[in-house]
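What follows is a short report on a single structure.
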Amino acid sequence: DFKIVLEKLKPEHQVFISEMGARKVNDIREICDFVRPDIGIITSIGPQHLETFKKIENVVKTKKELIDGLAENGIAVLPKDNEHCFNIYKEEKREKYLYSLSDRGSDVYAKNIKVSPAGSTFTVVTPNGEFECTTKLLGEHNVQNILGCVAIAVALELTNEQIKAGINKIEPVEHRLQILPTNNGTTVIDDAFNSNPVGSKMALDVIKQFEGRKIIITPGMVELGAEEYNLNKEFGKQ
């Protein structure tokens, strides 16, 4: 981020997207002090990196640093479907957008979601009307992430036609529920990038959409601190 902001951003650039990762309290605050974000989105708050954060309260506090770091006229975008994020939304006084997979009281939500091995189709409902769209991405969690992007696009005053065109162009990221080609009749899904309790459950939900015998190869989840054994045992049960 620092190098790009200092050396690569030019007057012709309209939008700069900064992914703010964190492993300890104040990590995101430090990035915000430099980037000075106008729009902040938190996609989820869960037990990732409990090895360094020690407790979920520290994760919540650190993620909230992004919203606290917004300008006075900044815009906060948060998911209704995550309890910690919804609590931040309810406390926020700036302009804000709420998105959800199903809650019709949200600013942006989805309906008629159909997930298949070929991808996902769904209807997006926004303050500016609704539209049908298709994505190559697998899983409802990817639909939820798209809805968060739709909320940002609405805040940036893009039209529904522009938003729909953008969704159609999204390509899967390598090693994140990526279908790999084979020539022996099997379907291989590569989700090897990283995992956490929420992501692993979502991956299992995705393969439920497939017919036939299923085999999971996994080394388990890491960086979960004292809860690592219990969370991996629960993953095994699932």
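The values are calculated or read from the model by the stated rules, or taken from the named source; none is laboratory data. Being a predicted model, the structure only gives us computed values, none of them experimental. All Cβ positions, glycine included, derive from the backbone under ideal geometry; neighbour counts span all protein chains shown. The area values use the complete protein model at the heavy-atom level, side chains included, leaving out ligands, DNA and RNA. Shrake-Rupley method; radii C 1.70, N 1.55, O 1.52, S 1.80 Å.
Observations on the structure shown:
- Index of the failed condition, Leu138 passing every other in (1) within 16 Å of the chain's Cα centre (by Cα); (2) part of a helix (DSSP H, G or I): (2)
- Single condition Asn230 does not satisfy, out of (1) surrounded by 15 or more Cβ atoms within 10 Å (Cβ to Cβ); (2) assigned to a helix (DSSP H, G or I): (1)
- Pairs are defined by a Cβ separation below 7 Å, a sequence spacing of at least 6 or placement on different chains, a first member in region 107-118 that is within 26 Å of Ile75 (Cβ to Cβ) and touching a residue at least 40 places away in the same chain (Cβ under 8 Å), and a second member that is of a type outside the set (A, V, I, L, M, F, W, C) and open to solvent by 50 Å² or more (accessible area, probe 1.4 Å); the pairs so defined are Asp107/Pro127.
- The one condition in (1) open to solvent by less than 80 Å² (accessible area, probe 1.4 Å); (2) under 30 Å from Glu227 (Cα atoms); (3) modelled with pLDDT of 95 or more that Gln48 fails to fulfil: (3)
- Subset of region 196-221 that is β-branched (Val, Ile, Thr) and under 20 Å from the mean Cα position of the chain (by Cα) - its residue that is surrounded by the most Cβ atoms within 10 Å (Cβ to Cβ): Val206
- When restricted to residues that are not aliphatic (A, V, I, L, M) and not in a helix (DSSP H, G or I), region 194-227 contains 14.
- Residues of region 31-45 classified as open to solvent by 50 Å² or more (accessible area, probe 1.4 Å) and under 16 Å from Asn194 (Cβ atoms), total: 1
- Here region 153-195 is the region considered, the condition is being at pLDDT 90 or above and either open to solvent by less than 40 Å² (accessible area, probe 1.4 Å) or touching a Gly at 6+ places or on another chain (Cβ under 7 Å) (or both), and the residue that is farthest from Thr135 (Cα to Cα) is Ala155.
- In region 72-95, the residue that is modelled with the lowest pLDDT out of those that are open to solvent by 40 Å² or more (accessible area, probe 1.4 Å) and more than 17 Å from the chain's Cα centre (by Cα) is Glu72.
- A search for C-beta distances below 8 Å between a residue of region 213-228 that is closer than 15 Å to Gly199 by Cβ and any residue that is among the small types (Gly, Ala, Ser) and in a loop (DSSP other than H, G, I, E, B), counting only pairs 6+ apart in sequence or on different chains, returns Thr218/Ser195; Met221/Ser195.
- Residue in region 102-123 that is open to solvent by less than 30 Å² (accessible area, probe 1.4 Å), in a loop (DSSP other than H, G, I, E, B) and not acidic (Asp, Glu) present: yes
- Residue tally, condition assigned to a loop (DSSP other than H, G, I, E, B), aliphatic (A, V, I, L, M), out of contact with any helix residue (DSSP H, G or I) (no Cβ under 7 Å at 6 or more places or on another chain) and free of Cβ contacts under 8 Å to residues at least 60 places away in the same chain, over region 156-190: 3
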